[in-house]
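Take a look at the structure set out below.
The values are calculated or read from the model by the stated rules, or taken from the named source; none is laboratory data. Quick caveat, the model's predicted, so the values are computed rather than measured. Heads up, the Cβs are rebuilt from the backbone with ideal geometry, glycines too, and the neighbour counts pull from every protein chain shown.
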């Protein structure tokens, strides 16, 4: 399970310099109890795109025992 903060990600992005272009930062299995808000994700995404033309992907951890389609019916 990944635990990151918006501040930590923004600090990382601020240290990127020449030669760092089109970087992809991907957080998979983020802690659903302590996750980034939509606003924080947008801020990180925008900062990374503006600084180095990068991309930020953020995916919450899914319960392996629950179905992605649970509750859906025809």
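Assorted remarks:
- Residues that are part of a loop (DSSP other than H, G, I, E, B), modelled with pLDDT under 90 and surrounded by 10 or more Cβ atoms within 10 Å (Cβ to Cβ), drawn from the range 1-23: 1, 3
- When the range 50-63 is filtered for residues that are in contact with a strand residue (DSSP E or B) (Cβ under 9 Å, 6 or more places away or on another chain) and surrounded by 14 or more Cβ atoms within 10 Å (Cβ to Cβ), the ones remaining, listed by number, are 54, 56, 58, 60, 61.
- Those residues of the range 24-49 which are in a loop (DSSP other than H, G, I, E, B), modelled with pLDDT of 95 or more and surrounded by 11 or more Cβ atoms within 10 Å (Cβ to Cβ), in sequence order: 36
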